[in-house]
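Take a look at the structure set out below.
The values are calculated or read from the model by the stated rules, or taken from the named source; none is laboratory data. This one's a predicted model, so the numbers in the text were calculated from it and none came from an experiment. Don't worry about glycine lacking a Cβ; one is built from the backbone with ideal geometry, like all the others, and counts go over all protein chains shown.
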Amino acid sequence: MSFENLLEELVKREQRALAMGGPEKLGARKAEGRLNARERVERLFDPGTFIESGMLAVSNRPEDRLTTPADGKVAGFGRINGREAAVVANDFTVKGASSAAINIKKLKHMKMVARKRGIALVFLGESTGARMPDVMGASSIGSKDDPVEYQRMREVPWAAAVLGHCYGSSAWYGSMSDFCVMRKGAIMAVSSPRLISMATGKAVDGEELGGWRVHAEQSGLVDQVVDTDEQAIEAIKQFLSYLPSHHMEAPPEYPVMSGSDDAIKDVMKLVPDASNQVYDMRKVVTCIVDRDSMFELKSRFGKTIVTALARLDGKSIGVIANNPLYKGGAIDADACQKVQSFMVLCDSFNIPLVLLVDQPGFLIGIEGERQGVTGKVMNWLNAMTLCSVPKISIILRKSYGLAVSNMGAGGNADEVCCWVTAEVSFMKPEFGARVVFGVSPEEPEKYQQAVAKMNKGSTPYDMAAIYTAQNVIDPRDTREYLKRTLQIHRMRLSNGVGEHLMRTWPTSF
């Protein structure tokens, strides 16, 4: 065969791969306002940087070779804001992007290259699960010999988007990733509603099974929820901007936005004097960090605590902050799990932690005990001891009970600092008065005397006197205090790299 004929054959095969599932299926997606797999990849990477891996791969079943372009998964490498990254994008127009022998090889290859070369890996999920009948029988599903297929050692960041029906592997990798964004209308579950209905004999609604409300508000597996594919991909790009390409380097630095030092001057207008009055801690966070840099994770889950990536003086930080706007800031079981997940992320990728404290203790009651809150509280404290990145804790108003330690005091942070408004004790003095002295507000004089006794020794100066707090500051100095303190505590890391003691902690709850 001539050289020209050989080139024609290559072009023919490439065009077949680029056609994906055909014009009819691609047109239907476009009419629904959804991007196809190749459009998603194009939007993810910087223009002209994508190099595909496995374009000419097809099913290993002879009868399917002409109907499985790229075997339903588009994979390759490109640059995201100038940094190399890898991608696996499921092509739903080809057999529902179902997992089979060849495209699983492709996925494994991308994981291996990302790990070995130290680049982030992105999963753009939408699939029906395992391919039938390929996986039927012991010679297929029973013949696996890969015990580390789902192991996470967090050498590189993983980010995932749930962009349609995600069953099987697309659900596994969505749940395992360091960041998972979900488009409204998408579904993530072990199996499809149809299969579950057949197995149980009961009709199952997809949204109730694994819609965005389930995973953003109840399971906590989804970090952000968006309306479109485009927004999901932008969220992934923004998330990765806070992280290093691999665990052995510091996160990237960015120029500080102009005006970043202005908002902190009015921070006390956001925080009520009375400790029982609520406010939105997120507004305080935005005053402290660089302007427009706050990137909140799991905002709909465990709302009594805020977890967010941000920048301070152009450098990445992780923020853990009680939010009195919800349940008065009392820490519940969901908040415990949310914090552990966030500490794993920050410890694995060398991101210092800032804890902003205003909490009345743990949320007590029957529901919490049924959720195993005591175990989750202990897991959190264990995680604090393993988290090797710098931890700076600032007590804004109140901090009560064992949660004082969970939020950084008791030696659990490298530095503890109090605002002049801080109050630290075992419990709210009004409750202590009733428990210890047996008096109630119905006896005003005795009650006030008891409250005064229970309130002794709880000021920020009492914390500073015993050197449990290293500083007491004007709230308006918080940003400068953190900038300078983190300059010092980053020094103990080797080129900004921590010990990664939490890198094997489960990603999912």
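For segment 1-102, the helices (runs of 4 or more DSSP H) that sit wholly inside it and include 2 or more residues that are among the aliphatic types (A, V, I, L, M) and exposed (fewer than 13 other Cβ atoms within 10 Å of the Cβ) are 3-18, 23-31. All of (1) surrounded by fewer than 16 Cβ atoms within 10 Å (Cβ to Cβ); (2) at pLDDT 90 or above; (3) over 30 Å from Glu249 (Cβ atoms) hold for Ala452 with one exception: (2). Return yes or no: is Val113 assigned to a loop (DSSP other than H, G, I, E, B) and surrounded by fewer than 22 Cβ atoms within 10 Å (Cβ to Cβ)? No. Scanning segment 374-409 for residues that are without any contact (Cβ under 8 Å) to a residue 12 or more places away in the chain and not hydroxyl-bearing (Ser, Thr, Tyr) yields Gly375, Met378, Asn382. Screening Pro251 with (1) touching a Phe, Trp or Tyr at 6+ places or on another chain (Cβ under 8 Å); (2) in the same structural domain as Ile317 (by TED's automatic domain parsing) gives one miss only, at (2). May I ask you to list the residues in segment 175-205 that are within 24 Å of the chain's Cα centre (by Cα), farther than 30 Å from Thr504 by Cβ and touching a residue at least 40 places away in the same chain (Cβ under 8 Å)? Within segment 175-205, Arg183, Lys184 qualify. With respect to being over 20 Å from Lys303 (Cα atoms) and modelled with pLDDT under 90, Phe431 fits the description. Determine whether Ile264 is buried (at least 22 other Cβ atoms within 10 Å of the Cβ) and either part of a helix (DSSP H, G or I) or not hydrophobic (A, V, I, L, M, F, W, C) (or both). Here the answer is no, as Ile264 does not meet what is asked. So which residues in segment 296-305 are over 18 Å from Leu243 (Cα atoms) and outside any loop (DSSP other than H, G, I, E, B), if there are any at all? Listed by number, the list holds a single entry, Ile305. Condition first: outside any helix (DSSP H, G or I) and either at pLDDT 95 or above or of a type in the set (Lys, Arg) (or both). Now tell me which residues in segment 188-220 satisfy that. Once the filter is applied, which keeps residues that are outside any helix (DSSP H, G or I) and either at pLDDT 95 or above or of a type in the set (Lys, Arg) (or both), segment 188-220 yields only Lys202. The residues of segment 11-66 that are among the small types (Gly, Ala, Ser) and more than 32 Å from the chain's Cα centre (by Cα), listed by number, are Ala17, Ala19, Gly21, Gly22, Gly27, Ala28, Ala57, Ser59. Those strands (runs of 3 or more DSSP E) of segment 310-421 in which 3 or more residues are crowded, with 21+ Cβ neighbours inside 10 Å and within 19 Å of the chain's Cα centre (by Cα) occupy 315-322, 353-359. Cβ separations smaller than 6 Å between residues 6+ apart or across chains give the following pairs from segment 48-65 residues that are among the hydrophobic types (A, V, I, L, M, F, W, C) to residues that are part of a loop (DSSP other than H, G, I, E, B): Val58/Arg65; Val58/Thr68. Taking the listed residues Ser258, Ser293, the one that is at pLDDT 95 or above, in a loop (DSSP other than H, G, I, E, B) and outside the structural domain of Leu355 (by TED's automatic domain parsing) is Ser258, with no other qualifying.
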